[in-house]
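Asks: Here you go, one structure.
The values are calculated or read from the model by the stated rules, or taken from the named source; none is laboratory data. Because the structure is predicted, anything quoted here is derived from the model rather than measured. In this analysis, Cβ positions are derived from the backbone assuming ideal geometry, glycine residues included, and neighbour counts consider all displayed protein chains. Accessible surface areas use protein heavy atoms only, side chains included; no ligands, DNA or RNA. Shrake-Rupley method; radii C 1.70, N 1.55, O 1.52, S 1.80 Å.
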Amino acid sequence: MTGPRSDVQLYSTEALLDPFPIYRDLRDLGGAVWLNAHDMFILPRYADVKAALSNWQVFSSAGGVTMNDEMNDKLRGGLLCSDPPNHDVLRKIIERPVMPKALAELRQRVTDEAEKLVERLVEKGTFDAATELSQHLPVTIVSELVGLPEEGRERMLAWAPANFDCFGPINDRTNAAFPIVGEMVQYAFTQCVPGKLKPGGWAQMIWDAADRGEIDPSICPFLMNDYMGPSLDTTIFATTSAIWLFAKHPEQWDAIRKNPAMIPSAINEVIRIESPIQTFSRYVAKDYEIDGTTLPTGSRAIVAFGSANRDERYWGNPDEFDINRDGSQTHMGFGFGEHQCVGNNLARLEIRALLTALVKRVERFELHEVRRGVNNVLRGIEKCVVTVH
Ligand code: HEM
């Protein structure tokens with residue numbers, strides 16, 4: 001095979017903890033780089049990631065978006081691992097409760113929860129933002145609005161990151177996570193079924209769509225994962241990253257305190273620079289050339305959201321946290337194209353409610369203990385003890 005190659009171990013603990021220098025080297029090597037350690041390409045540059053995400057005919061999700069065949073087989077046919085026209089049918093069902101119009105009805109409830117939580121934590125003074133602040137809203141939403149049965153629900157916070165570990169190439173983390181994901185699948189098949197789900201909840205709405213003949217009922221348990229899997233740790237990590245970044249950049253915290261209208265662009269900047277989902281992949285369904293390198297049919301290409309979001313060919317000072325960035329630039333942190341994050345408005349709503357409650361009450365975050373989580377595709381902090389002043 002011609003074109004640039006690299007021996008980098010992209011999924012080693014060391015690389016996962018600090019992937020950014022590796023991404024920079026890969027971007028300098030070319031638009032498509034063959035990874036000897038993983039037997040697949042990586043697209044590390046912004047322009048190529050965006051082009052691939054916009055071209056499902058070549059960069060297929062139906063051929064799987066994880067980095068191993070076992071998980072791709074398990075997810076095949078669900079929302080994430082499908083192409084149009086199947087994808088469009090599923091997406092219409094999953095997106096119903098999380099489109100802006102439906103979320104407008106939720107806004108007050110989320111705002112009230114966020115205000116109560118923040119008030120309690122500010123009174124406490126010192127707390128772990130990663131758990132005490134960031135987990136409450138996503139967990140409450142999944143539990144109550146999705147309407148899953150209580151039995152087993154407490155395992156959700158173990159299932160969600162395990163699900164993402166299984167997106168990596170086969171390594172110790174993937175192997176350790178498979179049995180945990182097995183539990184989640186078991187829960188979806190045995191508990192997330194009519195009669196056990198809350199009437200009117202988002203999960204029941206999926207079965208209702210099957211009753212109306214919009215989808216085959218056999219697909220319903222797979223679709224449960226679309227609310228359970230991707231809605232927790234992504235949002236939890238994004239929220240904690242926001243606190244960590246604002247603790248390290250007090251002048252930017254001052255700026256949003258002075259002008260809370262900047263909170264939405266600050267959220268975009270957090271998601272750009274930290275990218276809670278760093279890498280997914282696509283199956284190459286037709287020969288395709290990038291930068292003189294041919295990606296042959298049947299190969300796999302990692303779409304590196306986290307690298308695209310730090311590409312100096314597109315962003316000025318990409319490693320700098322700057323909430324004043326030009327709003328017309330689009331980050332890839334929620335993906336792009338057909339599969340762009342269906343829950344992005346919900347995630348934004350939750351994080352915005354928390355930051356809005358915090359700007360009213362907190363002048364400074366003082367960082368104590370910070371520990372990063374290690375996950376095959378997620379980036380985030382699992383312990384972040386702060387004192388608020
Ligand atoms: C900050 C939080 C979040 C981040 C960074 C994030 C990131 C992403 C990314 C990068 C994708 C694109 C995957 C691809 O192109 O293959 C995606 C898709 C998706 N996300 Fe999110 N997400 C977040 C929150 C949520 C929430 C709260 C939900 C709950 C509904 C959710 C549900 C989904 C689903 C179902 C998909 C698949 C969409 C499709 O295939 O059409 N996400 N997300």
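Asks: Measure off 7 Å from each Cα along the Cα-to-Cβ vector at S218 and K198, then give the distance between these two points in nanometres to one decimal.
Replies: 3.1 nm
Asks: Next up: With the cut-off at 18 Å, tell me which of the pairs K258/K360; K248/K383; K124/K360; K101/K196 have Cα atoms farther apart than that. Show your work: numbers first, answer last.
Replies: On the way: K258/K360 10 Å; K248/K383 16 Å; K124/K360 16 Å; K101/K196 28 Å.
Exceeds cut-off: K101/K196.
Asks: Hey, another quick one. Long-range amide H contacts for F280: which residues qualify at under 5 Å (H placed 1.01 Å from N, peptide plane, sequence gap of 5 or more or a different chain)?
Replies: Result for F280 returns V303, F305.
Asks: Let me check something: with ligands and nucleic acids excluded, how do C81, C341 order by accessible area (1.4 Å probe), largest to smallest? Working shown, then result.
Replies: Working: C81 5, C341 45 Å².
If we order C81, C341 from most to least accessible, we get C341, C81.
Asks: Send over the Kirkwood Rh of the chain, from the inverse of the averaged 1/r over different Cα pairs, rounded to one decimal Å.
Replies: Across the chain, the inverse of the average 1/r is 21.4 Å.
Asks: So, R0 is 22 Å and r is the distance between the beta-carbons of D88 and D291; what FRET efficiency does that work out to, to 0.05? Could the numbers behind the result be given before it?
Replies: Details: r = 31 Å, r/R0 = 1.42.
The value I calculate is 0.10.
Asks: Here's a follow-up. Sequence gap at least 6, Cα distance under 8 Å: using those rules, report the relative contact order of the chain to the nearest whole percent.
Replies: Values: 684 pairs, mean separation 103.9, N = 389.
Relative contact order, the chain: 27 percent.
Asks: I'd like to know which of F237, S60, I180 lies farthest towards the positive end of the charge dipole of the chain, counting +1 on Cβ of Lys and Arg and -1 on Cβ of Asp and Glu.
Replies: F237
Asks: Excluding T131 itself, calculate the net charge of residues whose Cβ lies under 10 Å from the Cβ of T131, where each Lys or Arg counts +1 and each Asp or Glu counts -1. Mind dumping the intermediate values first?
Replies: Values: positive: K383; negative: D128, E132, E382.
Result for the neighbourhood of T131: -2.
Asks: Counting only protein heavy atoms and using a 1.4 Å probe, what share of the accessible area of the range 252-313 belongs to carbon plus sulfur, as a whole percent?
Replies: Values: 1040 of 2090 Å².
That fraction is 50 percent.
Asks: For the range 294-389, what mean projected area does the convex hull of the alpha carbons give, in nm²? Kindly include the intermediate steps, with their values, before the conclusion.
Replies: On the way: hull surface 37.3 nm².
Mean projected area of the Cα convex hull: 9.3 nm².
Asks: Count the net charge of all other residues whose Cβ sits under 13 Å from the Cβ of R24, scoring Lys and Arg as +1 and Asp and Glu as -1.
Replies: On the way: positive: R27, R45, R310, R313; negative: D18, D25, D28, D311, E312, D319.
In short, -2.
Asks: Separate question: Quick one: compute a quarter of the convex hull surface over the Cα atoms of the range 94-156 and quote it in nm². Mind showing how you got there, number by number?
Replies: Working: hull surface 20.8 nm².
The directionally averaged projection comes out at 5.2 nm².
Asks: Given +1 on the Cβ of Lys and Arg, -1 on the Cβ of Asp and Glu, and no further charges, what dipole in debye does the chain carry about its Cα centre, rounded to the nearest 20?
Replies: With only Lys, Arg, Asp and Glu charged at Cβ, the dipole is about 640 debye.
Asks: Nearest 20 debye, what's the magnitude of the dipole of the range 201-291 about its Cα centre given +1 on Lys and Arg Cβ and -1 on Asp and Glu Cβ? Could you put the intermediate results ahead of the total?
Replies: Details: 7 positive and 13 negative charges, 85 e Å.
Dipole of the range 201-291, to the nearest 20 debye: 400 debye.
Asks: To continue, here is another question. In Å², what does the accessible area per residue of the range 5-388 work out to with a 1.4 Å probe?
Replies: Using a 1.4 Å probe on heavy atoms only, each residue of the range 5-388 averages 40 Å².
Asks: Just from its helices, what would the mean residue ellipticity at 222 nm be for the chain, if runs of 4 or more DSSP H residues each count -39500 (n - 2.57) and the sum is divided by every residue, rounded to the nearest 500 deg cm²/dmol? Mind dumping the intermediate values first?
Replies: Details: 17 runs with 175 residues, N = 389.
Computed mean residue ellipticity for the chain: -13500 deg cm²/dmol.
Asks: How much length is gained if the chain between E123 and Q108 is pulled fully straight, taking 0.36 nm per residue apart and subtracting their Cα-Cα distance, in nm to one decimal? Mind dumping the intermediate values first?
Replies: Numbers: separation 15, 0.36 × 15 = 5.40 nm, distance 2.26 nm.
Result: 3.1 nm gained on full extension.
Asks: Kindly write out, for the range 5-17 in residue order, the coupling ³J(HN,Hα) from the Karplus curve 6.51 cos²θ - 1.76 cosθ + 1.60 (θ = phi - 60°), rounded to whole Hz, with x marking Gly and Pro.
Replies: 10, 9, 9, 4, 9, 5, 10, 6, 4, 4, 5, 5, 6
Asks: What ³J(HN,Hα) values, in whole Hz, does the Karplus curve 6.51 cos²θ - 1.76 cosθ + 1.60 give for the range 377-384 when θ = phi - 60°, with x put for Gly and Pro?
Replies: 10, 9, 10, x, 9, 9, 9, 8
Asks: Output the relative contact order of the range 1-141, whole-number percent, from Cα pairs under 8 angstrom with separation of 6+ residues.
Replies: Relative contact order comes out at 12 percent.
Asks: Which net charge results when you count Lys and Arg as +1 and Asp and Glu as -1 among the other residues whose beta-carbon is under 15 Å from that of A353? If you can, show how the numbers build up before the last one.
Replies: Values: positive: R107, R109, K116, R120, R348, R352, K360, R361; negative: E105, D112, E113, E115, E119, E350.
Value of the local net charge: +2.
Asks: Can you give me the long-range amide H partners of F321? Hydrogens built in the peptide plane at 1.01 Å from N, cutoff under 5 Å, separation of 5 or more residues or another chain.
Replies: Long-range HN contacts for F321: none found.
Asks: Apply the Karplus curve 6.51 cos²θ - 1.76 cosθ + 1.60, θ = phi - 60°, to the phi angles in the range 300-308 and return the couplings in whole Hz, x for Gly and Pro.
Replies: 10, 10, 6, 9, 9, 3, x, 7, 4
Asks: Let me ask you something else. Scanning the chain for helices, which whole DSSP H stretches are 15 Å or more long along the axis (Cα) and average -1.0 or more by Kyte-Doolittle?
Replies: Values: long enough: 107-124 (26 Å, -1.17); 172-190 (28 Å, 0.14); 233-248 (22 Å, 0.74); 263-274 (16 Å, 0.55); 344-361 (26 Å, 0.25).
Answer set is 172-190, 233-248, 263-274, 344-361.
Asks: Once amide H atoms are built 1.01 Å from N in the peptide plane, which residues 5 or more positions from L295, or in another chain, come under 5 Å H to H?
Replies: Y288, E289, I290
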